[in-house]
Amino acid sequence: DASFPNQIVNDENRYLSEQSILEGAPPLSVNWQLFEDSTLLAQQGMKAMAATLIFALYQSEQIDTLAHLIHDLRRHRGNSLKIVVREMSASLRYSDERLLLACGANLIVPHIAPLSSFLTMLEGIQGHSLSRHIPADIDALISGLRPLQMKGYLPLEDFSKAVISLMENTLLPEDGKGVMVALRPVPGLSARQSITLCHQRRFGDVMTVAQNRLFLFLSTCRINDLDTALKFIFRLPVSEAFSNWVVWHQDVDITIQIKRLAQNIELTQSAIKHVKTAAKKTAVVFEEEQTEERRQPIPFTLLSREPKE
Ligand code: C2E
Ligand code: C2E
């Protein structure tokens, strides 16, 4: 085509890749072309039609740049291009993967996948064409997918507003926004006191106190990662400071519960999963909260001092 002198036609079987993703191995065949960095790769990618482009990701600081490169390539070169990111060391959050996919990546390969599995995954996407819509405005995408710019304790009203605004964000997938947990402290410890045990470090992780429970919202945390997250967040093992906890991870349940809190309605039994650590502390078990549970007076003894002589 005279108007596109540099255009590579019928490049379906070609692999354009950052050198490092092959871990020192030479190009695997004549169809492979290796580039020193992501900029050079993206430049060549701008001439590709249906080739496979593979980017390497080493650290979270690269995510924004990579998101822009991928978005540009996808918007300019269309749906037949196969764009892959190989994570080279543990650095991607679920929310980062989501952003890269939203920008037009076909596949993100986790760092735990060995080279051989990675190559099989590449085979798996051959012949694919992206059918997802990729929004034109990347800045709106990045800011819409960014976590709340707040962390730690918030008064109930602010907590509720923040979580509800997240639930209403249509850029985020349904039921994938995070997990809410209500922890009831052990007798003798008030929910307010328990705040000091909780160290939220990630933007988007917020907490409040209501109904003598500590409520946490952990952004983009997945339900199966809850134990891991709680271990990072609490200094003490959770089961030492809290007698039980309730977890919600679906949008509708989180929203209902936040509204109930606003009306000061106690946690209800229906639809609520009551989570406790199992006796062995290795697993969590789900059980229904007791319908007839009533607050019982808790006996305690005042510290007695020896009367002074
Ligand atoms: P990981 O540290 O083993 O955490 C696994 C998952 O637990 C995370 O997956 C997340 O779902 C949840 N999680 C752990 N800590 C927190 C927390 O403080 N707040 C919330 N909201 N969730 C938490 P995710 O996000 O996909 O991250 C995957 C892996 O990426 C993490 O595995 C870790 O190896 C790495 N990573 C992510 N962010 C950071 C970070 O800020 N610092 C470090 N050192 N590693 C990070
Ligand atoms: P941040 O999001 O405010 O997280 C602050 C600190 O919380 C992290 O410091 C880390 O000590 C801890 N943390 C949060 N989430 C996790 C997790 O999933 N696993 C583990 N092991 N620790 C977690 P760190 O690692 O020095 O990171 C500083 C900042 O760098 C983070 O602030 C975040 O803005 C950025 N960052 C680090 N790793 C990642 C990542 O994998 N993805 C993203 N999007 N940002 C990251």
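Derivation of every value follows stated rules applied to the coordinates shown; laboratory data play no part. Remember, predicted model here, so these are calculated numbers, not experimental data. For neighbour counting, all protein chains shown are included, and Cβ atoms are generated from backbone atoms with ideal geometry for every residue, glycine included.
Odds and ends about this structure:
- Translational D in µm²/s for segment 125-166 (Stokes-Einstein at 10 °C, 1.306 mPa s, Kirkwood Rh from C-alpha pairs): 118 µm²/s
- Surrounding net charge for Ser60, when Lys and Arg each add one and Asp and Glu each subtract one, Cβ distance under 11 Å: -3
- Links that overshoot a 25 Å alpha carbon limit, given the list Lys177/Lys231; Lys231/Lys259; Lys82/Lys177; Lys151/Lys177: Lys231/Lys259; Lys82/Lys177
- For q = 0.13, 0.30 Å⁻¹, Debye-computed log10 I/I(0) when each Cα of segment 37-83 counts as one equal scatterer: -0.25, -1.20
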